[in-house]
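As C-alpha cells, the structure follows; a few thoughts come after it.
The values are calculated or read from the model by the stated rules, or taken from the named source; none is laboratory data. Here the structure is a predicted model, which means the values were calculated and not measured. All Cβ positions, even for glycine, are placed from backbone atoms using ideal geometry, and neighbour counts span all protein chains on display.
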Amino acid sequence: MKKALSLVLSFAILLLTFCFSAVAESEITAVAFGDSITAAGKWQKVLESEWGLKLVNKGVGGDSTRSARARFQRDVLNLSPDLVFISFGTNDAAIDMAKHTPLEEFKENLAYFIDSCIDAGARVIVNIPIPIDDAPYLTRHEAEPFEPYGGPNGLLSLYAEAARGVALEKGVPFADVHKAFMQTENYKKYLSDGVHPTDAGYKLYGNTLLSLCRTLFAGDVNGDLSVSPLDYMLAKRHCLNMVELSAVWQKRGDINGDGALTAVDYALVKRICLGTYNPQGY
Ligand SMILES: [Ca+2]
Ligand SMILES: [Ca+2]
C-alpha cells in the first residue's frame, strides 16, 4: 500500500514538473544586428509585444557591413544566438562617405554573416534596407556621386536587391521592409530625416517582421523556434481549459490568424509536426 502510494506520488511530482517546464518561457537568444535603425530599439518592440520575442540589441549607429564585421564575433557569435536578424545597407550605400561599402563587398559581408551564423547553429533573417528620401538626405550628403544611380534612393535600391539576392542564394528568409515601405501611398511620410523611420515607420518595419515570424514560426506555441508535439500538447490543453497560456503564446498558436487559439489551430500544429502542412512557403 505504501509502495503504491509512493508510486502515485512520484508520478504526480513528475507530471507537475513536466507541466511546469512545459509552460515555462523558452530561453532562446535572439540578436538584432544592425545600424542605427536597429540601435533605436523600436522595431523590436513589435516582436516583443506581439510575438514574445525579446531581442538583444546589437545595433550601432553609422555601421555598414564593413565596420560591423569587426564586432561580429563579439556582438553576435559570442552570444551563441538561436536567431539573428541582420539589418544593414543604408550606410553601405553612402557612397560619399568613408563607411561606404561597395556593392560586391556588401554581398560578401552579408554572405559571411549568414554563413557564420548558420555554422554556429543560428537561424537567420535578413532585413532588406528601407528606402531613402533623397531631398532631406542630400542636405547632408554630396549629390554628385549618386547621380549615375539616379540619386541616393536609386543606389540604395541596388543594395536592397543585393540583400534579397544573397538571402535567396543562401536559402534564408528575408523580411522585405524595403518593399513594405515602397508599397505605402508615400513612403517618405514614414521617414523622419530621409533615412530613419518615424514612430509609424518603425511600427511598419516591426509589423513586416511580425508577419514573417507568423509564417516562419507558426505553431511554435512555446517560442523555442521549432514546432513539436509539445506545442501541440500545449495548444490542445489550452483549448480544453487544462492550462492557461499567455496572450503571446496564444498568438503563436493561432495558425489560421482568426485571433483565437482553437481546435482548428491545434489540428494544424499536429499537421505541421506530421509534415502534412507547411505554412512557410519556403
Ligand atoms: Ca516549440
Ligand atoms: Ca485560430
Helices (runs of 4 or more DSSP H) contained in segment 191-282 and holding at least 1 residues touching a residue at least 60 places away in the same chain (Cβ under 8 Å), within 30 Å of Asn91 (Cβ to Cβ) and within 14 Å of ligand 1 (Cβ to nearest atom) = 199-216
remark   = Of (1) in contact with an Asp or Glu (Cβ under 6 Å, 6 or more places away or on another chain); (2) in contact (Cβ under 8 Å) with a residue 40 or more places away in the chain; (3) not hydrophobic (A, V, I, L, M, F, W, C), Gly165 fails just (1)
query = In segment 53-81, which residues are within 30 Å of Ser246 (Cα to Cα) and buried (at least 18 other Cβ atoms within 10 Å of the Cβ)?
reply = Leu53, Leu55, Lys58, Gly59, Val76, Pro81
inquiry  = Exactly one condition in (1) under 16 Å from the mean Cα position of the chain (by Cα); (2) on the phi < 0 side of the Ramachandran plot is false for Gly171; which is it?
reply    = (2)
Residue satisfying condition, being within 16 Å of ligand 2 (Cβ to nearest atom) and buried (at least 22 other Cβ atoms within 10 Å of the Cβ), within set Val177, Val221, Val195 = Val221
key: Residue that is modelled with the lowest pLDDT, among those in segment 66-112 that are touching a helix residue (DSSP H, G or I) at 6+ places or on another chain (Cβ under 7 Å) and of a type in the set (Asp, Glu)   = Asp96
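In this structure, does Leu245 turn out to be aliphatic (A, V, I, L, M) and either within 16 Å of ligand 2 (Cβ to nearest atom) or in contact with a His (Cβ under 6 Å, 6 or more places away or on another chain) (or both)?
Judged against the criteria, Leu245 is a match.
Do we have Gly165 as touching a Lys or Arg at 6+ places or on another chain (Cβ under 8 Å), in the same structural domain as Cys117 (by TED's automatic domain parsing) and crowded, with 22+ Cβ neighbours inside 10 Å here?
Details: touching a Lys or Arg at 6+ places or on another chain (Cβ under 8 Å): yes; in the same structural domain as Cys117 (by TED's automatic domain parsing): yes; crowded, with 22+ Cβ neighbours inside 10 Å: no.
Against the criterion (touching a Lys or Arg at 6+ places or on another chain (Cβ under 8 Å), in the same structural domain as Cys117 (by TED's automatic domain parsing) and crowded, with 22+ Cβ neighbours inside 10 Å), Gly165 does not qualify.
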task = Check off (1) within 12 Å of ligand 2 (Cβ to nearest atom); (2) surrounded by fewer than 17 Cβ atoms within 10 Å (Cβ to Cβ) for Ala235 and give me the number that stays unchecked.
result = (2)
key: Exclusive hit being assigned by TED's automatic domain parsing to the domain that holds Phe113, hydrophobic (A, V, I, L, M, F, W, C) and closer than 26 Å to Val84 by Cβ, set Val177, Val248   = Val177
query = Which one is farthest from ligand 2 (Cβ to nearest atom), of the residues in segment 250-282 that are buried (at least 21 other Cβ atoms within 10 Å of the Cβ) and over 15 Å from Thr215 (Cα atoms)?
reply = Tyr266
remark   = Considering residues that are under 20 Å from Gly223 (Cα atoms) and in a loop (DSSP other than H, G, I, E, B), the number found within segment 77-90 is 3
